[in-house]
Every structure is written in structure tokens, then in C-alpha cells.
Amino acid sequence: MDVLEDYTGHVEPNGPAARRTLDELTITKISVGPMDNNAYLLVCRSTNEALLVDAAADPTRLSDLVGHSVERPRLKTVVTTHRHQDHWGALGAVAGANGSNTVAHRLDAEVLPVPPDQLVDHGDTVLVGRVPLEVIHLRGHTPGSIALLYREPGGRAHLFTGDSLFPGGVGKTTSPETFTSLIDDVESRIFAELPDDTWVYPGHGDDTTLGRERPHLAEWRARGW
């Protein structure tokens, strides 16, 4: 698989992956499936253990993303950000082929095709090798939607938001009550806690930063979506 090393946050459907190399981690983004889902492969550089955020679709492409050489990372963990099928279509195949542990929030777990090995809630930690990722529960897109936060030592924060936060707004909700729940959590648990240079890796489409989105929070709340 072709992997671009000049990471911009944009990938094309059926196109090459894009890799960002940090001191502790590499983050590789790929688009899979008919709904242009983003999947993210995080690899701990000191242990070569890997974690996949959303085995969304196309297990062959995801297998190619992990690699086939003897130096390929060990895909120890697959995290599902929420219950919608376009985010777990390849979960069984990928986890089964790699012997991976599966992780999801307890409120979305019963819908998944593979019972999670680890149930998480707000404030829990998931490890990729030696690197901790913080679990942020964002209630509204689904009952058990989660984001994963990596705090780069001495650097910026990196936030994998699933379908709860995108460039231009929060994720889709089904009622005024679930919208209020989601935007309340996004404001209090993300924007109130993290700085503007936090990089946001969403479940579909291009990346963004909190600084780019923060000026529009009141507009999102007023429009109701």
C-alpha cells in the first residue's frame, strides 16, 4: 500500500494512506468503504504494537494498512467509536485475523458483531503499546459514542472523534434532546478542556483543529445541528 508521509489530514477514497510520525506514535489514516469512512492505525514506536480506530470496512485494505512483512506492527487492539454499522463492518474479520482485543463503550456493545473484550467509560485509558489514550464519552450521536485522546508529551493533543465532531459541526442526532446532549458534552468535555491546537481526526472526511471550530460553537447550538 502506498503511504504518503506528508500528512495533511486529507485522504482519497481508494487512494493512498497518509502517515503522521510523532515521537511516541505514528498515526496513519485511510479511507475505506462506500461511505468514505476513516480508519486510523496508531503504532507505538517503542513496542511496535498497534491500535486501530474503527475497523469500518474493506478488511483487505485494512490488512494492507497493517502490512505483511515480518516487521509489521502487532495489531493488538481495535477500538470501535460507536455502534453504527459503517464503523464496524470489518471488525470481525480484522480482529479475528490478528487476534486483536476489541474495545467499545458498554452502551453500544450489544449491537456490535464481536462482543468487546474491554468495555470502557468516560475517563478510562486504553493503551497502544506504552502510550495511553484517554476515553471521552460523548453522549448523543449514539448512547455509547466515544472519542480517544492522545496527549503528545511537550506537544499538541490528538483527538479521534468518530462521528461526534467534524469540521463544521457535531455529528448527526435524532432529536432535540440528543443534540443538546451531544453539544453539551462536546463543549464541556472537549472545547472546555483542550487547547486550540488540538488536532481532530473525525470518522469521515478531512481533519480539523479545535481552534478552527471553536468560534462556531454558538452558531451550531443555535441552528440545532
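The values are calculated or read from the model by the stated rules, or taken from the named source; none is laboratory data. Small disclaimer: the values here were computed from a predicted structure and weren't measured. Virtual Cβ from ideal backbone geometry, glycine too; neighbours counted across all protein chains shown. Only protein heavy atoms, including side chains, enter the accessible area calculation; ligands, DNA and RNA are left aside. Shrake-Rupley method; radii C 1.70, N 1.55, O 1.52, S 1.80 Å.
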Exercise for the section: Decide, for region 1-159, between rounded, prolate and oblate: order the square roots of the alpha carbon gyration tensor eigenvalues as a ≥ b ≥ c, take rounded if a/c falls under 1.5, and otherwise choose prolate if a/b is larger than b/c, else oblate. Expected result: rounded
Handout entry: DSSP-defined beta bridges in the chain - what % are antiparallel, rounded to 5
Key = 65 percent
Completion exercise
Computed over region 134-173, protein heavy atoms only, probe 1.4 angstrom, the accessible area per residue in square angstrom equals 29 Å²
Handout entry: Simple label model, 7 Å out from Cα along Cβ direction - residue 64 to residue 223, nm
Key = 3.6 nm
Exercise for the section: Give the longest segment of the chain that steers clear of GluC sites (Glu not before Pro) in DSSP loops with at most 16 neighbouring Cβ atoms within 10 Å, not counting the sites themselves. Expected result: 72-192
Practice task
Quick one: go through region 59-94 and flag any residue whose amide nitrogen is under 14 Å from the point 7 Å out along the Cα-to-Cβ line of residue 101.
Solution key: 75-80
Exercise for the section: When a/c is below 1.5 the answer is rounded, else prolate if a/b is larger than b/c, else oblate, so apply that to region 60-135 with a ≥ b ≥ c taken from the square roots of the Cα gyration tensor eigenvalues. Expected result: oblate
Practice task
Name the shape class, rounded, prolate or oblate, that the alpha-carbon gyration tensor gives for region 51-100, where a ≥ b ≥ c are the square roots of its eigenvalues, rounded holds for a/c under 1.5, and otherwise prolate holds if a/b is larger than b/c and oblate otherwise.
Solution key: prolate
Practice task
Report in % the part of the accessible area of region 47-90 that belongs to carbon and sulfur, leaving out ligands and nucleic acids; probe 1.4 Å.
Solution key: 46 percent
Practice task
Multiply the residue separation of residue 151 and residue 48 by 0.36 nm, subtract the distance between their alpha-carbon atoms, and state the gained length in nm to one decimal.
Solution key: 35.2 nm
Exercise for the section: Compute the distance in nm between two label points, each set 7 Å from the Cα along the Cα-to-Cβ direction, one at residue 172 and one at residue 212. Expected result: 2.2 nm
